[in-house]
1. Only one of (1) in contact with a strand residue (DSSP E or B) (Cβ under 8 Å, 6 or more places away or on another chain); (2) within 10 Å of the ligand (Cβ to nearest atom); (3) assigned to a loop (DSSP other than H, G, I, E, B) fails for ALA20. Which number is that?
2. For the stretch 214-239: of the residues being in a helix (DSSP H, G or I) and in contact with a helix residue (DSSP H, G or I) (Cβ under 8 Å, 6 or more places away or on another chain), which is surrounded by the most Cβ atoms within 10 Å (Cβ to Cβ)?
3. Looking at the stretch 1-13, which of its residues are more than 9 Å from the ligand (Cβ to nearest atom) and either out of contact with any strand residue (DSSP E or B) (no Cβ under 9 Å at 6 or more places or on another chain) or not β-branched (Val, Ile, Thr) (or both)?
4. Might you check whether a residue that is touching a His at 6+ places or on another chain (Cβ under 7 Å), surrounded by 15 or more Cβ atoms within 10 Å (Cβ to Cβ) and in contact (Cβ under 8 Å) with a residue 24 or more places away in the chain occurs anywhere in the stretch 6-17?
5. Would you confirm whether or not the stretch 38-58 contains a residue that is modelled with pLDDT of 95 or more, more than 16 Å from the ligand (Cβ to nearest atom) and either in the same structural domain as HIS194 (by TED's automatic domain parsing) or in contact with a helix residue (DSSP H, G or I) (Cβ under 7 Å, 6 or more places away or on another chain) (or both)?
6. Is it the case that GLU32 is crowded, with 18+ Cβ neighbours inside 10 Å, of a type in the set (Asp, Glu) and more than 12 Å from the ligand (Cβ to nearest atom)?
7. Could you go through the stretch 87-104 and let me know if any residue there is within 16 Å of the ligand (Cβ to nearest atom), surrounded by fewer than 21 Cβ atoms within 10 Å (Cβ to Cβ) and of a type in the set (A, V, I, L, M, F, W, C).
8. Among the listed residues ALA266, ALA253, identify the single one that is modelled with pLDDT of 90 or more and in the same structural domain as GLY238 (by TED's automatic domain parsing).
Amino acid sequence: MTQPLVVFDNVVKHFGSYQAVERMNLEIYKGEFVAIMGSSGCGKTTTLRMLAGLDKPSEGEIRLNGERINDLYSWERETPLVWQNLALFPFLNVLENVEFGLRMRGMAKAERRKKALEWLERLGLEEFASRDISLLSGGQRQRVALARSLVTEPPILLLDEPLSALDAHLSVRMQGVLTGLQKDLGITFVYVTHSQSEAFAMADRVVIMSRGRVEQIGSPQEVYLEPHNRFVAEFVGGKNILGGTVVGFEDSALVRLDSEHGGFLARLPEGKTVVPAERVTVCVSAEHIDLTAQPMRRNRLSCTVVGEEFIGSMVNIYLEASGGLELQVQKLQADYNRMGLRCGQKIFAEWDAAHALILRGD
Ligand code: ATP
């Protein structure tokens, strides 16, 4: 089995009595693009800063290539960090900024110039070599910051919300630059973001954090399709969360539930077991709910249409069932138009048992 490039082994970080990161265990492999995501203050940046050597773990061990790095200063480890504000040197031009790391390592002038120019070319910046940093656009500055970090050819690059200052269009373009670079170089990226779309578009695996705790680690597909708990289900969005009580079993994977909204069937995730009378939380994706006047499936709810929202080619339809339960349904615009729904209309929402997932962690 290959050795992970980075290991967080029971890492804890306190600031005084405040616990910013709770017992984190995470392995990152060479060539992976890992995104750490979660809402503001959940400990993403602290995790990255510990890996960069800017904060020291209070407990546990961080290993790079099998070596403990807890006590190494940031300049003693090869873990450069690209910040949101990029921190480029305003008194140096583009080429001098990119050369900087090589100069610090004592590389001879001709050699470092050649290397820096190679990186500028790779990032499409050769024509700006002698330009002042202040005369570059946001996207160009972003690429200079990347070139400056990559010129020393580190095994890993840490990125803290690097695209958050760019407009939406440029951000999507830079996502392509980043993933292209990462795959071409085979370098490992650890990328902190609060943006789900950025993380899902680029990462091989995402780490979802809340209040200092890792809630789930998996590929974007796994996390979206099989959220482990209510926090992750709500964080990835587009999910309906229902409560129920176990009343029996249809087979090894399908569980019969009873709730104030009637009986229905739900699927158990692999490895989870439940017992009769146990309370469970069930998640149904908005795109897996069908709307009909004549329900055929056991999993159904009588609802009233209370709103709709157009989001490009899709439409979110909002429903209310008895007891104030709210449901969100997502349909293609063309299907929505065919249905001819209107606010106040009564309709049944129905879904397959296979699409009602009992959450593992609730
Ligand atoms: P954001 O998306 O807002 O940047 P984050 O998930 O990156 O948030 P962190 O910067 O890691 O969050 O901070 C986690 C928690 O630790 C926050 O509550 C923050 O206030 C606290 N914290 C971070 N650095 C320090 C510090 N040096 N001293 C005290 N508390 C800190």
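The values are calculated or read from the model by the stated rules, or taken from the named source; none is laboratory data. Small disclaimer: the values here were computed from a predicted structure and weren't measured. Here the Cβ is made from the backbone with ideal geometry for all residues, glycine too, and neighbour counts use every protein chain on show.
1. The number of the failed condition is (3).
2. For the stretch 214-239, the residue satisfying everything is VAL223.
3. Residues satisfying the conditions are MET1, THR2, GLN3, PRO4, LEU5, PHE8, ASP9, ASN10.
4. For the stretch 6-17, residues touching a His at 6+ places or on another chain (Cβ under 7 Å), surrounded by 15 or more Cβ atoms within 10 Å (Cβ to Cβ) and in contact (Cβ under 8 Å) with a residue 24 or more places away in the chain: absent.
5. Scanning the stretch 38-58 turns up no residue that is modelled with pLDDT of 95 or more, more than 16 Å from the ligand (Cβ to nearest atom) and either in the same structural domain as HIS194 (by TED's automatic domain parsing) or in contact with a helix residue (DSSP H, G or I) (Cβ under 7 Å, 6 or more places away or on another chain) (or both).
6. So GLU32 fits the description; yes.
7. Yes.
8. That would be ALA266, the only listed residue that is modelled with pLDDT of 90 or more and in the same structural domain as GLY238 (by TED's automatic domain parsing).
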